[in-house]
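Peer 1: Below: one structure in structure tokens.
The values are calculated or read from the model by the stated rules, or taken from the named source; none is laboratory data. Bear in mind the structure is a predicted one, so any value in this text is a computation, not a measurement. Here Cβ is always computed from backbone atoms with ideal geometry, including for glycine, and neighbour counts include all displayed protein chains.
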Amino acid sequence: MKNFVYSIPTKVYFGKGQLDNLGAELSSYGKNVLLTYGGGSIKKNGVYDKIMEQIRKYDLNVFELSGIDPNPRITSVKEGARICKENNVDVVLAAGGGSTIDCSKFICANAADDVEDPWDYFIGKAKVTKALPLVSILTLSATGSEMDCGGVLTNIETREKLGSGNPILRPKASFLDPTITYSVSKYQTACGTADIFSHICEVYFNLGSDFYMLRRFMEGMFKTLVKYGPIAVEEPENYEARANLMWTSSWAINDFIKCGDGIPWSCHPIEHELSAFYDITHGLGLAILTPRWMEYCLNEKTVDTYVEFGTNVFDIDPYLDKFEIAKKAIARTYDFLFNQLKLTDTLTKVGIKEEDFEKMAENACRNGGAIDGFVRLEKDDVVNILKMCK
Ligand code: NZQ
Ligand code: ZN
């Protein structure tokens, strides 16, 4: 077990009607607000109107940046920072899923410094040193961006999708009202659930993750996703399901389970290449990769992790042979992702071509020539996993 410092200062307003507190929260940072959002879902589900009601009530000035894409573009960061600088914005309000919140984190950074090209934060040429305060309204349970300090941006010109982060980018406050997620489509609900599932897998399926209490906590979250993901897909307005998914999304990645320095992740670097090359939904890419990666990594050294997972998450008979338990656990994962969440199960079906596997695998291993996670994956291993996903 490693030593660690735990500090997650995001204030969370959780539950129905919490947007009534938005104006008071925003006012504590100043008068000028930049509202950021995506393609317009907040205008259809009433969130935009609610924000404007609070803006008027607290006499705030609002500027807007809309059109932030899923797999957000670095060009939106530039545009948002420009609006902030020109209008002396005091606080950024991100209303959306991970794409809008991620993009807004780097708007906050770039609005507060003189870095000319914000892509430099992602390629190691510039550091985030200061940032405007960020408040988020989460509209989709998935990435955990509402409580973490990282973000992933896409550079269309270079076909790269890269992550960066800094503790000062963590939202100061996040509004988590599960009813806002009633309007999320079945597809995005399923993808979001798969993303949360993967965030937990990345820590749980890792030989450096040995904290007993945290492993039981993670199993509780896995069980929550297995129970409530399919319910939310079938019954979009089931409050209990939406609330459980929402709070699990935050806790899967708010640094609690990782406990200290990060353990290297495996599926995420591979998925980011799928999204960079083909602009697919992050959670879908992870769903396709995760069970294949599990199969690929199963060996004498790792099998006990699968046994823990299979017996504690899926209640598989602990008296079976350990490899049999592991295979059953993988089969249950397939069933959860593709039968219950009804996600597409192969790369070919989402239009991803084998001719790009080599290049995507090479890029996924760009840091140190390999992904040194649960099982060390070199470029050829990544290609093999991608072939298993065909
Ligand atoms: O753009 P709008 O119109 O809002 O529609 C969005 C978008 O089309 C829609 N949506 C969101 N809330 C809705 C809604 N539709 C109806 N009702 C609502 N309440 O859903 C679509 C997808 O939104 P997006 O924000 O892209 O989804 P998600 O939250 O899954 O974010 C994905 C991005 O986050 C990154 C991913 O790589 C990807 O770029 N990640 C960020 C992480 C982090 N900050 O720590 C970690 C993750 O592993 C991930 O990499
Ligand atoms: Zn993710």
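Peer 1: Got a number for residues in region 127-147 being within 16 Å of ligand 2 (Cβ to nearest atom) and in contact with an Asp or Glu (Cβ under 7 Å, 6 or more places away or on another chain)?
Peer 2: Initially, region 127-147 is screened for residues within 16 Å of ligand 2 (Cβ to nearest atom), giving 138, 140-147.
Within this subset, residues satisfying the condition of being in contact with an Asp or Glu (Cβ under 7 Å, 6 or more places away or on another chain) are 138, 142-143, 145.
The number of residues fulfilling the criteria is 4.
Peer 1: Additional query: Filter region 86-135 for residues that are hydrophobic (A, V, I, L, M, F, W, C), more than 14 Å from residue 163 (Cβ to Cβ) and away from ligand 1 (no atom under 16 Å from the Cβ) and give the result.
Peer 2: Those that are hydrophobic (A, V, I, L, M, F, W, C), more than 14 Å from residue 163 (Cβ to Cβ) and away from ligand 1 (no atom under 16 Å from the Cβ): 89, 91, 111, 112, 115, 126, 132.
Peer 1: Also, I was wondering about something else. Looking only at residues in region 2-53 that are of a type in the set (Val, Ile, Thr) and more than 20 Å from residue 242 (Cα to Cα), which one is surrounded by the most Cβ atoms within 10 Å (Cβ to Cβ)?
Peer 2: Within region 2-53, the first condition is being of a type in the set (Val, Ile, Thr), and the residues that meet it are 5, 8, 10, 12, 33, 36, 42, 47, 51.
Subsequent filtering for residues that are more than 20 Å from residue 242 (Cα to Cα) retains 5, 8, 10, 33, 36, 51.
Values: 5: 6, 8: 15, 10: 18, 33: 25, 36: 28, 51: 24.
For region 2-53, the residue satisfying everything is 36.
Peer 1: Restricting to region 188-214, count the residues that are touching a helix residue (DSSP H, G or I) at 6+ places or on another chain (Cβ under 7 Å) and assigned to a helix (DSSP H, G or I). It would help to see each step written out before you state the result.
Peer 2: First pass over region 188-214, keeping only residues touching a helix residue (DSSP H, G or I) at 6+ places or on another chain (Cβ under 7 Å): 189-198, 200-205, 209.
Filter once more, keeping what is assigned to a helix (DSSP H, G or I): 189-198, 200-204.
Number of matching residues: 15.
Peer 1: Hey, another quick one. Residues that are more than 21 Å from residue 250 (Cβ to Cβ), within 15 Å of ligand 1 (Cβ to nearest atom), surrounded by fewer than 24 Cβ atoms within 10 Å (Cβ to Cβ) and of a type outside the set (Ser, Thr, Tyr): does region 142-156 have at least one?
Peer 2: yes
Peer 1: Let me ask something else. I want to confirm something. Restricting to region 162-190 and keeping residues that are buried (at least 19 other Cβ atoms within 10 Å of the Cβ) and near ligand 1 (Cβ under 7 Å from one of its atoms), which single residue is nearest to residue 269 (Cα to Cα)?
Peer 2: 188
Peer 1: In a helix (DSSP H, G or I) and under 20 Å from residue 194 (Cβ atoms): is that true of residue 324 in this structure?
Peer 2: On the way: in a helix (DSSP H, G or I): yes; under 20 Å from residue 194 (Cβ atoms): no.
Against the criterion (in a helix (DSSP H, G or I) and under 20 Å from residue 194 (Cβ atoms)), residue 324 does not qualify.
Peer 1: On to the next question. Among the candidates 252, 241, which residue alone is aliphatic (A, V, I, L, M), over 16 Å from the mean Cα position of the chain (by Cα) and assigned by TED's automatic domain parsing to the domain that holds residue 309?
Peer 2: Numbers: 252 fails: over 16 Å from the mean Cα position of the chain (by Cα).
Unique residue meeting the criteria: 241.
Peer 1: Looking at region 341-368, which of the residues that are modelled with pLDDT of 95 or more and at positive phi is surrounded by the most Cβ atoms within 10 Å (Cβ to Cβ)?
Peer 2: Taking region 341-368 and keeping what is modelled with pLDDT of 95 or more, we get 341-365.
Still in the list and also at positive phi: 342, 351.
Numbers: 342: 14, 351: 8.
Out of the qualifying residues, it is 342.
Peer 1: Starting from region 312-323, take each residue that is without any contact (Cβ under 8 Å) to a residue 60 or more places away in the chain and in the same structural domain as residue 219 (by TED's automatic domain parsing) and list its partners that are of a type in the set (S, T, N, Q) and surrounded by 12 or more Cβ atoms within 10 Å (Cβ to Cβ), counting only C-beta distances under 8 angstrom and pairs at least six apart or across chains.
Peer 2: Filtered contacts from region 312-323: 317/311; 318/311.
Peer 1: When residue 73 is evaluated against the numbered criteria (1) under 20 Å from residue 172 (Cα atoms); (2) out of contact with any helix residue (DSSP H, G or I) (no Cβ under 6 Å at 6 or more places or on another chain); (3) basic (Lys, Arg), which criterion, by number, is the only one it fails?
Peer 2: Result: residue 73 fails condition (1) only.
Peer 1: Here's something else I'd like to know. Of everything in region 261-291 that's charged (D, E, K, R) and at negative phi, which residue is nearest to the chain's Cα centre (by Cα)? Step through it out loud before you land on a result.
Peer 2: Going residue by residue through region 261-291, those that are charged (D, E, K, R) are 261, 271, 273, 279.
Now narrow it down to the ones that are at negative phi: 261, 271, 273.
Details: 261: 18, 271: 12, 273: 15 Å.
So, considering only residues that are charged (D, E, K, R) and at negative phi, the one nearest to the chain's Cα centre (by Cα) is 271.
Peer 1: Between a first residue in region 176-196 that is of a type in the set (Ser, Thr, Tyr) and a second residue that is near ligand 1 (Cβ under 7 Å from one of its atoms) and modelled with pLDDT of 95 or more, which pairs have beta carbons less than 6 Å apart while being 6 or more apart in sequence or on different chains?
Peer 2: As it stands, the answer is 183/45, since those pairs meet every condition given.
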